[in-house]
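Each remark here refers to the structure printed beneath this line.
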Amino acid sequence: MAGRILIVDDVATNRIVMKVKLAAACYSVEQAENGLEALRVARETKPDLILLDIMMPDMSGVDVCRALKADPATSGIPVVLITALSDHDAKMEGLEAGADDFLTKPVEEVTLLARVRSLLRASDAVREMQGGNDTVAAFGFAESAAGFSAKAAPGKVALVAPGPRGAVLWKAAIEDRLGGTVSIIPREAALTEASSETGRSTDVFVVSVDLGQRNEGLRLLSDLRSRAGTRHAATIMILPEGDTERAAIALDLGANDVLHDPFDAKELAIRISAQLDRKRQSDRMRAGVRAGLEAAIYDPLTGLHNRRFALPQLELMMSRPGPGPAVMMLDLDHFKQVNDTYGHAAGDAILKQVASRLRAQLRNDDLLARIGGEEFLIGLSPINHSNAVECAERLCRSIGEAAFDIDANGPPVHVTASVGLTYPAEHSGFSTPEMLIHDADTALYRAKSQGRNQVRVISDTAA
């Protein structure tokens, strides 16, 4: 976990006290004595967290926080505002300015360190996903984020309180301040959702630390964090006033935020809105990484796997006990003439239909990949010689026997394919996918040289 923390306070004693506490926990600490210096240091050193005093002579901590969040270079740095005043208006202003939390002096060490751990853990997770997106973009696999640029979907908030009265009061306090749906659910419903991997899940859970039994909310928090259906949902834990020890436990168990009851409805609404924004950002990043991974192994035109996926997959098929896979290379005949005559759009339409026809003839555990312009690789899970030849001939016929539609107003186009096959008995001594592909490619060359639209096998000495 990263641990560079910037302490901003105009009183040197306060900075020193805070530094001693953080250094004892093995965090690296930098200091700034006013707002302008804080902005400069933050831009230059990019700390992992900023602890920011709200009362400073040159500019307030709220103004500094607002400036940090407005600057793309520092907007992602978590900020905790610290003050000696219990000023409700200043607290609301700070949270609205983008502060992640608001602590009152003297700050208890347990509370401080728990909040630091929580924010750094969340920041590290975002940084890792951002790194994944940057890598995807660098290799040209990034998908457009246009799908996320439209207005975000309304949030889905679930309240889990110890009794109906408490939940109704919570809902009444925040529902008008939030867009989206606010639901009251029992602990059992939250657990059911946690075990589900389908459907649109809750974005933010607001959970009381004590439900039917003491600490039952903490146990629910652990369940929500550990299960697939709710692992990425945000959780805000509600605790009794002054219960700093269990607040620290909740943060260490994975709560995204904690709030003490009685609380201000506006504050809860602001905190929920902040968690919704962060979850949407995380969802976008995960979707970006997932799209990049898919782009790295799928052919975007046909939807089939590509060479990058096919080679290790073929190696995996070869490593399984028993006979190895039968391997085919299939190439469309005279396909350049199709592109030259009808255009590349027509060629693309034919390639898509070819992929569909081939997939319809194969089993789910067979390998099908587009590895070149009009060249396809097929790997058949263990199969005997005669069945492999029969399958190859069936694939050949599926291309040549029916014409392809390329235009609603144009005539269908006839295309044929040549297939080269090698099967287990002939490559039992081979050890790499490249050798198998070379063998099948040699058979494909024979099929091409002997008239096309046919199947040839590497052991076919009559060819």
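The values are calculated or read from the model by the stated rules, or taken from the named source; none is laboratory data. All values derive from a computational prediction rather than experimental measurement. With ideal geometry, Cβ positions are generated from the backbone for all residues, glycine too; neighbour counts draw on all protein chains shown. Heads up: the accessible areas ignore ligands, DNA and RNA and are worked out on the full protein's heavy atoms, side chains in. Shrake-Rupley method; radii C 1.70, N 1.55, O 1.52, S 1.80 Å.
Miscellaneous remarks
- Scanning segment 244-283 for residues that are open to solvent by 40 Å² or more (accessible area, probe 1.4 Å), out of contact with any Phe, Trp or Tyr (no Cβ under 9 Å at 6 or more places or on another chain) and of a type in the set (D, E, K, R) returns Glu245, Asp252, Asp261, Asp264, Lys266, Asp277, Arg278.
- Filter pass, Phe205 being of a type in the set (Phe, Trp, Tyr) and within 28 Å of the chain's Cα centre (by Cα): yes
- Test for Leu351: is it touching a strand residue (DSSP E or B) at 6+ places or on another chain (Cβ under 8 Å) and farther than 18 Å from Glu434 by Cα: yes
- Test: residue in segment 146-169 that is modelled with pLDDT of 85 or more, of a type in the set (Phe, Trp, Tyr) and within 18 Å of Ser273 (Cα to Cα): no
- Of all the listed residues (Arg225, Arg280, Arg308), the sole one being touching a helix residue (DSSP H, G or I) at 6+ places or on another chain (Cβ under 9 Å), within 30 Å of Asn364 (Cβ to Cβ) and of a type outside the set (Ser, Thr, Tyr) is Arg308.
- Cross-chain or 6+ apart pairs with Cβ under 7 Å, segment 150-166 first and farther than 19 Å from Leu220 by Cβ, then at pLDDT 85 or above and of a type in the set (Ser, Thr, Tyr): Pro154/Thr181
- Unique residue being touching a residue at least 60 places away in the same chain (Cβ under 8 Å), surrounded by 15 or more Cβ atoms within 10 Å (Cβ to Cβ) and assigned to a loop (DSSP other than H, G, I, E, B) when the list is Val126, Val116, Val107: Val107
- The listed residues are Arg286, Arg359, and the only one of them that is at pLDDT below 90, part of a helix (DSSP H, G or I) and surrounded by fewer than 18 Cβ atoms within 10 Å (Cβ to Cβ) turns out to be Arg286.
- Output for segment 78-94, where each listed residue is at pLDDT below 90 and aliphatic (A, V, I, L, M): Ala84, Leu85, Ala90, Met92
- Arg307 being of a type in the set (D, E, K, R) and either touching a residue at least 60 places away in the same chain (Cβ under 8 Å) or within 25 Å of Ala392 (Cβ to Cβ) (or both): yes
- Qualifying residue in segment 338-348 (condition: open to solvent by 80 Å² or more (accessible area, probe 1.4 Å), outside any loop (DSSP other than H, G, I, E, B), closer than 22 Å to Tyr423 by Cα and not aromatic (Phe, Trp, Tyr)): no
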